[in-house]
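This report concerns only the one structure given below.
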Amino acid sequence: MKFYLSSYKIGNQSDKLIEMAKNGNKKVAYISNALDFSTDSERRIKSEQADIDDLVNLEFIVEKFDLRDYFDNKENLEKDISKYDIIWVRGGNTFVLRQAMKLSGFDKLLKNLSKNKNNIIYGGYSAGICVLSPNLKGLEFVDDVNQFPYSQQKKAVFEGLGILNYAIVPHYKSKNHSETDDVDKVVDYYIKNKVLFKALTDEEVIIIE
């Protein structure tokens, strides 16, 4: 598995993302479950469409992929996700996204996929990259840990996927992002508790091939 991990939106290495996908069919599973806490459907739809437009402008074929469809249907998740070359997981609330990954079995599937040498690309931004860390402790300074949009889950999940051996801090020192001040608190927490991390401004991207 390859990784294109952006702090915000596509980031500043879109040409590299295109290059990474050149051997595939450019089909993208767009996952926006980090927004499942939202009650503003109009705003959500506009935000999702903006993301999709960004990917389509890079000549990708984008389809929405809702993890909620697999809460009671985990057996079909692997088959359905195998249709895509790119898994793109957007930002929102990291703890909500983590709940959706757990309830759908996507967390276990993703960990298995990450261990294999294949052409699948995991990409995304903000919450979509934070979940890859060993632990989510500290992110409660930015995201509301008490959001429980799913009836099946009423307890926060602090265990990250552990695909990376470090945490990622998006939106660091990014003047135009509303969460920047809270992000400083996350960085302070990580330093104080000796947590290995990488901080990204909103233009930066981590690429792992």
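Every read-out reported here was derived from the displayed coordinates using simple, explicitly stated rules and does not represent laboratory data. Predicted model only: the values in this text are computed from it and were never measured. No Cβ is skipped: glycine too gets one built from the backbone with ideal geometry, and neighbour counts run over all protein chains shown.
Quick notes on this one:
- Computed lengthening from Y166 to E59, 0.36 nm per intervening residue step minus Cα-Cα distance: 35.3 nm
- In the chain, the calculated helix contribution to ellipticity at 222 nm averages -9000 deg cm²/dmol per residue, counting -39,500 (n - 2.57) for every DSSP H run with n ≥ 4.
- Across the stretch 131-141, computed HN-Hα scalar couplings (Karplus, 6.51 cos²θ - 1.76 cosθ + 1.60, θ = phi - 60°) run 5, 6, 6, x, 8, 9, 4, x, 6, 5, 6 Hz from first to last residue, x flagging Gly and Pro.
- Inter-label distance, nm, simple model (7 Å from Cα along the C-beta direction), K115/K74: 1.6
- Pairwise label distance in nanometres, E209 with D182, each label 7 Å out on the Cα-Cβ vector: 3.6
- By other beta-carbon atoms within 10 Å, ranking E140, E159 with the fewest at the front produces E159, E140.
- Over 28 Å (Cα to Cα) - which of K27/K173; K26/K194; K175/K198 fall in this group: K27/K173; K26/K194
- Value in Å of the Kirkwood radius, where the stretch 1-155 supplies the Cα pairs that are averaged: 15.8
- Other residues whose C-beta falls under 11 angstrom from the C-beta of N25 contribute a net charge of +3, scoring Lys and Arg +1 and Asp and Glu -1.
- One decimal place: the segment R44-N23 gains 4.3 nm when fully extended, by the rule 0.36 nm per residue minus the C-alpha distance.
- Simple spin-label estimate for K155 and K173 gives 4.0 nm between the two label positions (7 Å along the Cα-to-Cβ direction from each Cα).
- Pairwise centroid distance, computed over Cα atoms, of the stretch 111-144 with the stretch 45-82, Å: 16
- Listed by Cβ neighbour count within 10 Å, with the fewest neighbours leading, R44, R98 appear as R44, R98.
- Beta-bridge orientation, the stretch 2-208: approximately 20 percent antiparallel, per DSSP, counting only bridges with both partners inside.
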